[in-house]
1. Mind telling me which of the residues Asp47, Asp106, Asp55, Asp79 ends up being open to solvent by 10 Å² or more (accessible area, probe 1.4 Å) and either within 20 Å of Asp387 (Cα to Cα) or in contact with a Lys or Arg (Cβ under 8 Å, 6 or more places away or on another chain) (or both)?
2. Considering Val62, Val99, which residue is away from the ligand (no atom under 12 Å from the Cβ), closer than 15 Å to Ala396 by Cβ and more than 17 Å from the chain's Cα centre (by Cα)?
3. Being more than 16 Å from the ligand (Cβ to nearest atom) and of a type outside the set (Lys, Arg) is the requirement here; does Val50 meet it?
4. Are there any pairs with C-beta distances below 8 angstrom linking a residue in the range 266-287 that is assigned to a strand (DSSP E or B) and surrounded by fewer than 21 Cβ atoms within 10 Å (Cβ to Cβ) to a residue that is among the hydroxyl-bearing types (Ser, Thr, Tyr) and at pLDDT below 95, with the two at least 6 apart or on different chains, and if so which?
5. Go over the candidates Ser376, Ser350 one by one and state the one that is under 21 Å from Leu199 (Cβ atoms) and within 16 Å of the ligand (Cβ to nearest atom).
6. Yes or no: Glu159 part of a helix (DSSP H, G or I), open to solvent by 40 Å² or more (accessible area, probe 1.4 Å) and in contact (Cβ under 8 Å) with a residue 60 or more places away in the chain?
7. Residues in the range 242-257: is at least one farther than 30 Å from Gly208 by Cα, open to solvent by less than 60 Å² (accessible area, probe 1.4 Å) and not basic (Lys, Arg)?
8. Among the residues of the range 139-147, is any at pLDDT 95 or above and either within 16 Å of the ligand (Cβ to nearest atom) or of a type in the set (Phe, Trp, Tyr) (or both)?
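The values are calculated or read from the model by the stated rules, or taken from the named source; none is laboratory data. These numbers were taken from a predicted model, which means no experiment stands behind them. All Cβ positions, glycine included, derive from the backbone under ideal geometry; neighbour counts span all protein chains shown. Quick note on the areas: whole protein, heavy atoms, side chains included, nothing else; ligands and nucleic acids left out. Shrake-Rupley method; radii C 1.70, N 1.55, O 1.52, S 1.80 Å.
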Amino acid sequence: MPADPNRVIANLRELAALTGDANGAQRVAFTPTWQRAREWFAGKLADLPVTRNLDAAGNSWVTLPGASPRSLVLGSHLDSVPNGGWLDGALGVVTALEVLSGIARDCGGRSPFTIRVVDWADEEGARFGRSLFGSSAFAGTHSIAADRARTDRDGITLEAALAACGIDIDRIGEAAREREGIAAYLELHIEQGPVLERLNLPLGAVLGTKGVERHAITFHGQEAHSGSTPMADRRDALAAAARLALEIRTIATRHSDSVCTMGSVKTFPGIVTAVAGRCEVTLDQRDLDATVLATMFREAQEASRRFAAEERCTVEWSRIWSIEPIAFHPALIDLCREAIAETLGEPAHSLPSGPLHDAAEVARLGIPTVMMFTQSLGGISHNKIEDTREEHLRLAVTSFDRLAANTLRWMESQ
Ligand SMILES: [Zn+2]
């Protein structure tokens, strides 16, 4: 039985009404509102021949047992950022459940393969600054030592917040047990960017997630009086940083799909009457190609040293975080393109994802993975105005349902 897009949209609206307010979605992970979203979701399972379990990292799994224990997993995340949108994450989970329901009805509860829906815990990392919490525990790429030290704005530790939800931080790695038997993972998500809208396309097949180089860069100059220090005598740390802020745009535009962002600038002493003696900035660079990413990183470092020298400053770099580009599975990308082409009646477009997703953690394990994107209006996400046209949501549900069917056929041939 094909997935019913209208039911998906009605469910999404119901969830938004239950867990949002005038400022948007409030499903921040490990909060009561997030728990309410999950209880609402569990309530939707009443008539289905499924079981539900929480793994050791708090990921929620719904399982429709099949003739074979080999499983097709569909998922995304119910958590949101504070004042978030109604579709980010929720679209993928609610659609996944609709697809599972259709399969359960079609085969009288006995599918050839096991079908599972996963709602990953704390994809957003909005409260503790640690994105992809649940999926990285599943993938074994988390670090308990680093996670234990994390606190929210109110000084509550991640460890305590987890404990309040029945999760023991020392055991989150046991979520790896859920990997058993997974043959493929599919995730539907809004694009959260402007590419599909600009191309006037409702859907796209995702090639993978871009790698990220994230660094803190500090320029050291000399604090000096703004009135008495001649321009030629200054060692202005902000001037060096400002030149780098412009140069990274040139570096990014040398490559077709690259992005470079200087999102934070702090000056010291940071007063109107002093030349900045120190300037701390951050740099975030992303590309789907590891070689391109490494080149951009080198170019930014070289430029920073050149500008520092020209401004008679020094510069130091420290890596905040990095992740390699993660390509999705070629055969599943083809199946995704086919599903989109069948739905739209025209060739599918493929694109990389700039944002990271839980699917990247799954793909890192070598589990065949692909994502499908649907258009975001204005490219806006993490905002209450985040939206997608209903006609595009309908196409997304139908096309993702096709992708699941195509993938089950592909699993038979494996
Ligand atoms: Zn998301």
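1. One residue alone meets the criteria, Asp55.
2. Within the list Val62, Val99, the selection yields Val99.
3. So Val50 passes the test.
4. Between residues of the range 266-287 that are assigned to a strand (DSSP E or B) and surrounded by fewer than 21 Cβ atoms within 10 Å (Cβ to Cβ) and residues that are among the hydroxyl-bearing types (Ser, Thr, Tyr) and at pLDDT below 95, the close pairs are Glu280/Ser264; Thr282/Ser264.
5. The unique qualifying residue is Ser376.
6. no
7. yes
8. Checked against the condition, which is being at pLDDT 95 or above and either within 16 Å of the ligand (Cβ to nearest atom) or of a type in the set (Phe, Trp, Tyr) (or both), the range 139-147 yields no hits at all.
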